[in-house]
Amino acid sequence: MSITEGSPLRAAMRLRDDGDLPAAAELLRLRADPGDAQAGMVLLRYLFELQDYATLQDVTRDRLARLDAGFASRAGAPYLATLLRFAERCCLPLADIAPALQATATAARAAPELMLAWRAVTHRQRHRARLAAQFEGGVSLISLGLNCLAWHLPGRWGLRRETDFTALFGPFALAGHTIPGVLAALEDDFATYCTPETTRLVTTQRGHELAMRRDRTAHWNHNRGAFWLRDGAAPLRQSIIDKAVLFRAACRRPDAVFVLATCPVEYPEEALDFLPRLDAALARYTGRTGNRILISNQTARRREKGIVAVDATTRYVTCPYPAADYVWHDDLAADSREGLLFERAYMGFLLRALLQWRLLRRRADAPPDEVAPDAAAADEAAA
């Protein structure tokens with residue numbers, strides 16, 4: 001599909017290049033033809049880049065509702081794959097996603113790139129349906145980093161409520177951190193976390209400019225570009241202030257669980273020396289010690305998977321990436337068989353911790369077949 005000089009898409013792209021990302025997204029939302037798949041795909045990506053999660057949910061839901069087999073046959077594989085993946089990312093209900101899978105089934109059979117996404121989304125949604133049939137209860141999964149894995153994976157596997165896609169979007173969700181960086185941010189209530197004095201702009205090897213703390217304990221790789229970095233990165237700093245407000249409110253929930261992924265410590269061979277300090281730092285937000293914390297290591301030298309009870313409220317998971325060169329946030333990798341095995345095992349360990357903490361309970365009318373709570377069953381289920 002061509003992009004004409006006077007089209008809303010062309011105008012939106014110019015606005016984004018000029019640093020006015022909100023205007024670019026709004027122009028596409030209001031003026032682009034809903035039947036223009038290319039403009040729709042760009043709109044979803046702009047809203048995600050803008051981190052306007054409320055609008056992203058609304059637009060994704062609207063695009064799913066418009067989807068039928070006729071449109072799917074014309075829309076093209078890239079748009080359909082993007083829409084299905086965003087539906088999961090936005091934690092939309094199974095009732096919204098299931099009809100979209102049905103509407104795109106024929107188109108998927110004709111396009112291998114779409115079929116990969118279609119099969120992966122179908123697998124994850126079946127897992128989600130079994131989870132709902134097996135268990136009741138709720139949980140507020142709050143990301144502590146250290147990368148974005150702790151935020152993204154629970155959402156697309158059905159362990160985050162739809163409203164929590166916006167309510168739990170805290171400062172650690174889409175950023176890179178070290179453990180000292182997380183601790184420092186918590187201990188001074190984000191006061192010096194991202195200020196002009198503590199941050200600087202750096203250019204990555206791929207030529208992307210982004211903000212990083214001068215002590216290298218945090219960087220904001222999802223806040224690149226002219227919009228986020230204008231006026232001394234003022235939009236980034238305001239975003240963090242807003243996310244800190246959400247974080248403080250989320251921590252007061254009685255079902256809060258703090259999820260820290262890609263921990264470099266290989267417990268029990270190495271001590272989790274930071275854990276007492278982390279629990280104490282969280283206590284200023286939750287009002288209690290003994291906070292529920294799930295820590296996982298994705299790069300452990302030992303390859304066997306497992307979960308260990310560090311104490312009554314802390315679980316440590318070893319769940320290595322499938323290979324040294326595995327990129328968990330690459331859609332093709334995540335939707336591959338290896339990616340599904342890895343993610344399903346990780347979610348199985350998370351589920352086991354939630355059951356041990358009695359945040360989830362087995363339904364009295366639950367069918368005998370169950371969602372795999374361990375790595376071995378996850379391997380079998382994803383085969």
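Here are a few things to note about the model shown:
- Looking across segment 64-92, just one residue is more than 26 Å from residue 330 (Cβ to Cβ) and in a loop (DSSP other than H, G, I, E, B), and that is 68.
- Some residue of segment 93-105 being under 21 Å from residue 56 (Cα atoms) and in a loop (DSSP other than H, G, I, E, B): yes
- Residue in segment 22-33 that is in a helix (DSSP H, G or I), touching a residue at least 60 places away in the same chain (Cβ under 8 Å) and either open to solvent by less than 60 Å² (accessible area, probe 1.4 Å) or out of contact with any helix residue (DSSP H, G or I) (no Cβ under 7 Å at 6 or more places or on another chain) (or both) present: yes
- Some residue of segment 186-205 being in a helix (DSSP H, G or I), of a type in the set (Lys, Arg) and over 21 Å from the mean Cα position of the chain (by Cα): no
- Complete set of residues in segment 41-58 that are open to solvent by 30 Å² or more (accessible area, probe 1.4 Å) and not in a helix (DSSP H, G or I): 52
Residue by residue, here is whether (1) at pLDDT below 95; (2) in contact with a His (Cβ under 6 Å, 6 or more places away or on another chain); (3) part of a loop (DSSP other than H, G, I, E, B) holds:
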{"site": "338", "(1), (2), (3)": "no, no, no"}
{"site": "341", "(1), (2), (3)": "no, no, no"}
{"site": "345", "(1), (2), (3)": "no, no, no"}
{"site": "348", "(1), (2), (3)": "no, no, no"}
{"site": "351", "(1), (2), (3)": "no, no, no"}
{"site": "354", "(1), (2), (3)": "no, no, no"}
{"site": "361", "(1), (2), (3)": "yes, no, no"}
{"site": "367", "(1), (2), (3)": "yes, no, yes"}
{"site": "373", "(1), (2), (3)": "yes, no, yes"}
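- Among the criteria (1) over 28 Å from residue 53 (Cα atoms); (2) under 23 Å from the mean Cα position of the chain (by Cα), the one residue 241 does not fulfil is (1).
- Comparison of 100, 87, 120, 107 shows that the only residue that is under 18 Å from residue 337 (Cβ atoms) and modelled with pLDDT of 95 or more is 120.
- Of all residues in segment 170-183, those that are free of Cβ contacts under 8 Å to residues at least 60 places away in the same chain have Cβ atoms under 7 Å from Cβ atoms of residues that are of a type in the set (D, E, K, R) and open to solvent by 10 Å² or more (accessible area, probe 1.4 Å), 6 or more apart or on another chain, in 181/213.
- Matching option when the condition is without any contact (Cβ under 8 Å) to a residue 60 or more places away in the chain, closer than 30 Å to residue 78 by Cβ, of a type outside the set (Val, Ile, Thr) and open to solvent by 50 Å² or more (accessible area, probe 1.4 Å), among 337, 303: 337
- The C-beta contact set for segment 349-362 (first residue in contact (Cβ under 8 Å) with a residue 60 or more places away in the chain, second residue in a helix (DSSP H, G or I) and buried (at least 16 other Cβ atoms within 10 Å of the Cβ), distance under 7 angstrom, 6+ apart or interchain) comprises 350/154; 360/354; 362/134.
- Taken as a whole, the structure places residue 61 among residues that are in a helix (DSSP H, G or I), farther than 30 Å from residue 233 by Cα and within 20 Å of the chain's Cα centre (by Cα).
- Per this entry, residue 171 is not counted among residues that are over 19 Å from residue 245 (Cα atoms), at pLDDT 95 or above and buried (at least 20 other Cβ atoms within 10 Å of the Cβ).
- Matching residues in segment 209-236 - criterion: being assigned to a strand (DSSP E or B), under 17 Å from residue 16 (Cβ atoms) and open to solvent by 30 Å² or more (accessible area, probe 1.4 Å): 209
- Within segment 7-44, being of a type in the set (D, E, K, R) and over 23 Å from residue 163 (Cβ atoms) holds for 10, 14, 16, 17, 18, 20, 26, 31, 33, 36.
- Residue within segment 184-195 that is of a type in the set (Val, Ile, Thr), at pLDDT below 95 and over 26 Å from residue 350 (Cβ atoms) present: no
- Residue check for residue 12: modelled with pLDDT of 95 or more, of a type outside the set (Ser, Thr, Tyr) and surrounded by 22 or more Cβ atoms within 10 Å (Cβ to Cβ): yes
- Any hit, segment 82-89, residues being open to solvent by less than 40 Å² (accessible area, probe 1.4 Å) and under 30 Å from residue 358 (Cβ atoms): yes
- Residue check, residue 159 out of contact with any Ser or Thr (no Cβ under 6 Å at 6 or more places or on another chain), open to solvent by 10 Å² or more (accessible area, probe 1.4 Å) and either polar (S, T, N, Q) or over 21 Å from residue 273 (Cα atoms) (or both): yes
The values are calculated or read from the model by the stated rules, or taken from the named source; none is laboratory data. Everything numeric here is computed off the predicted structure, so don't read it as measured data. In this analysis, Cβ positions are derived from the backbone assuming ideal geometry, glycine residues included, and neighbour counts consider all displayed protein chains. Ligands, DNA and RNA are stripped out before the accessible areas are found, and what is left, the full protein with its side chains, is counted by its heavy atoms. Shrake-Rupley method; radii C 1.70, N 1.55, O 1.52, S 1.80 Å.
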